[in-house]
1. Filter region 1-49 for residues that are free of Cβ contacts under 8 Å to residues at least 24 places away in the same chain and of a type in the set (Gly, Ala, Ser) and give the result.
2. Output the residues belonging to region 52-90 that are within 25 Å of residue 103 (Cα to Cα), at pLDDT below 95 and not aliphatic (A, V, I, L, M).
3. Is it true that some residue in region 142-152 is free of Cβ contacts under 8 Å to residues at least 60 places away in the same chain and hydroxyl-bearing (Ser, Thr, Tyr)?
4. Just to verify a result, which residue in region 171-191, among those that are modelled with pLDDT under 95 and among the charged types (D, E, K, R), is nearest to residue 11 (Cα to Cα)?
5. Considering only residues that are in contact with an Asp or Glu (Cβ under 9 Å, 6 or more places away or on another chain) and within 12 Å of residue 91 (Cα to Cα), look in region 15-40 and name the one that is surrounded by the fewest Cβ atoms within 10 Å (Cβ to Cβ).
6. May I ask you to say which residue of 121, 165 is surrounded by 12 or more Cβ atoms within 10 Å (Cβ to Cβ), at pLDDT 95 or above and in contact with a Cys (Cβ under 6 Å, 6 or more places away or on another chain)?
7. Only one of (1) part of a helix (DSSP H, G or I); (2) within 19 Å of residue 93 (Cβ to Cβ); (3) under 16 Å from the mean Cα position of the chain (by Cα) fails for residue 12. Which number is that?
8. Could you list, in sequence order, all residues of region 168-177 that are under 24 Å from residue 143 (Cβ atoms) and surrounded by fewer than 13 Cβ atoms within 10 Å (Cβ to Cβ)?
Amino acid sequence: MGGQYLGHTLFIDCDAAPIREKSIELTTGIEGEREKAVHIFYFVRDEIRYDIYAPRSTDAEFKASHVLAAGKGYCVQKAVLLVALARAAGIPARLRFAEIRSHLTPQALVEKRGSNLFPYHGLTDLNINGRWVKATPIYDRGYCVKAGIGPIEFDGERDAMLPLHTLDGRLNAEYIRDRGFFEDLPIDEIRRTSVSWKYVTP
């Protein structure tokens, strides 16, 4: 697979010691690329708490090593971490973005933003055994229980995407359009298109 999806970048700092060490910890004793990718996915999904209000005012707060240390993040930050851990394990990985409408966005946040449309929802592409698979590590299991959403499961073979509905049938997310994949985080474009970067506290 192409080397550009294995190397470190400004935000995907897979060469940072904490990222390398965590990746080794997560994959030691696990055979097979698919099994390693799955194990890394579930770590990011559940051990890095989903926090829509996670600080994001500086570039440093988007670095994978920062997200790992913080133990929380919103979708973009969690996607960056998943890509970094995968690359550190030798699994080609890249960021992917989609414009979505999130129907479960807290009303107070919708009022601040003026919309429940998110121009750059972050997810990932993992190249497993020569095939790209989408993986969305956004919601931790605790959040899913509170929100009444089924957890996003990943088997390394099928795309793992946002659930479109809650367990009781309410709308959760709508995919508006795919923005494609990126080697590194397009931070300037994300900031340019975002409704507001001042809602990082409830």
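1. 3, 17, 29, 32
2. Selection gives 53, 55, 56, 57.
3. First, the residues of region 142-152 that are free of Cβ contacts under 8 Å to residues at least 60 places away in the same chain: 144-150.
Of the ones still in play, those that are also hydroxyl-bearing (Ser, Thr, Tyr) are none.
No, that holds for no residue.
4. Within region 171-191, the first condition is being modelled with pLDDT under 95, and the residues that meet it are 188-191.
Those left that are additionally among the charged types (D, E, K, R): 188-189, 191.
Details: 188: 13, 189: 14, 191: 15 Å.
The qualifying residue nearest to residue 11 (Cα to Cα) is 188.
5. Quick first cut of region 15-40, residues in contact with an Asp or Glu (Cβ under 9 Å, 6 or more places away or on another chain) only: 19, 27, 34, 38.
Retained after the next criterion (residues that are within 12 Å of residue 91 (Cα to Cα)): 27, 34, 38.
On the way: 27: 22, 34: 18, 38: 21.
By that ranking, first place goes to 34.
6. On the way: 165 fails: in contact with a Cys (Cβ under 6 Å, 6 or more places away or on another chain).
Among 121, 165, only 121 is surrounded by 12 or more Cβ atoms within 10 Å (Cβ to Cβ), at pLDDT 95 or above and in contact with a Cys (Cβ under 6 Å, 6 or more places away or on another chain).
7. Tallying (1) part of a helix (DSSP H, G or I); (2) within 19 Å of residue 93 (Cβ to Cβ); (3) under 16 Å from the mean Cα position of the chain (by Cα), residue 12 fails exactly one: (1).
8. From region 168-177, those under 24 Å from residue 143 (Cβ atoms) are 168-176; that's our starting set.
Result: 168, 169, 170, 171.
The values are calculated or read from the model by the stated rules, or taken from the named source; none is laboratory data. Model, not experiment: these values are computed from the prediction. Here Cβ is always computed from backbone atoms with ideal geometry, including for glycine, and neighbour counts include all displayed protein chains.
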